[in-house]
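The values are calculated or read from the model by the stated rules, or taken from the named source; none is laboratory data. Not measured: the values here are computed from a predicted model. Positions of Cβ are generated from backbone atoms using ideal geometry, with glycine treated the same way; all protein chains shown enter the neighbour counts. Heavy atoms of the whole protein, side chains included, go into the accessibility calculation; ligands, DNA and RNA do not. Shrake-Rupley method; radii C 1.70, N 1.55, O 1.52, S 1.80 Å.
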Amino acid sequence: MTAARNELIAQAIEDGLPVGTVAAVAGENIKAVRTIALAYEELYPSGLPRQAHLSPLRAKSEELRTAEAHRDQILGRREALILMARRKQVCDDLELASLTGLTPDHIRRTVRGNPRSS
């Protein structure tokens, strides 16, 4: 999703849409938009009017924000489950790491960083 959004950003810049406009529509800062646009060296003007890029870019950016928010919810739930399993002594760090696909060090940092884990 990020790659698709970045390609839309780069194509919009290539087709002459101002960087500030693209940044506002994409919800990114101007420096990030410039960096993204520079990463796509092989683009050529699409022949579309500049304004034709706004709607797809806005939609893809919103879709990406929604997916990121959903990911954050899932990560929060995962952390809560790890803490609960650790608190109830259901699993040790190695078992939790094996079950979650995380490293034991990541499990320890998760538990240590939460004051409720003691």
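Can you show me the helix-derived [θ] at 222 nm for the chain, built from DSSP H runs with n ≥ 4 at -39,500 (n - 2.57) apiece and divided by the number of residues, rounded to the nearest 500.
When only DSSP H runs of four or more count, the value is -22500 deg cm²/dmol.
Just name one of T2, H53, V19: the one whose Cα is farthest towards the positive end of the charge dipole of the chain (beta-carbon charges, Lys/Arg +1, Asp/Glu -1).
Result: T2.
Can you send over the carbon and sulfur percentage of the accessible area for the chain, probe radius 1.4 Å, protein chains only?
The value for the chain is 55 percent carbon and sulfur by accessible area.
Just order 104-110, 9-15 by mean Cβ neighbour count inside 10 Å, highest at the front, would you?
Packing order, densest peptide first, comes out as 9-15, 104-110.
In the neighborhood of Q73, defined by Cβ-to-Cβ distances under 15 Å, what is the net charge if each Lys or Arg adds +1 and each Asp or Glu adds -1?
+1
Kindly provide log₁₀ I(q)/I(0) values, in the same order as q = 0.10, 0.13, 0.14, 0.21 Å⁻¹, from the Debye equation applied to equal alpha-carbon scatterers of the chain.
-0.50, -0.64, -0.67, -0.99
Just the number please: accessible area per residue for the chain, 1.4 Å probe, all protein chains included, in Å².
66
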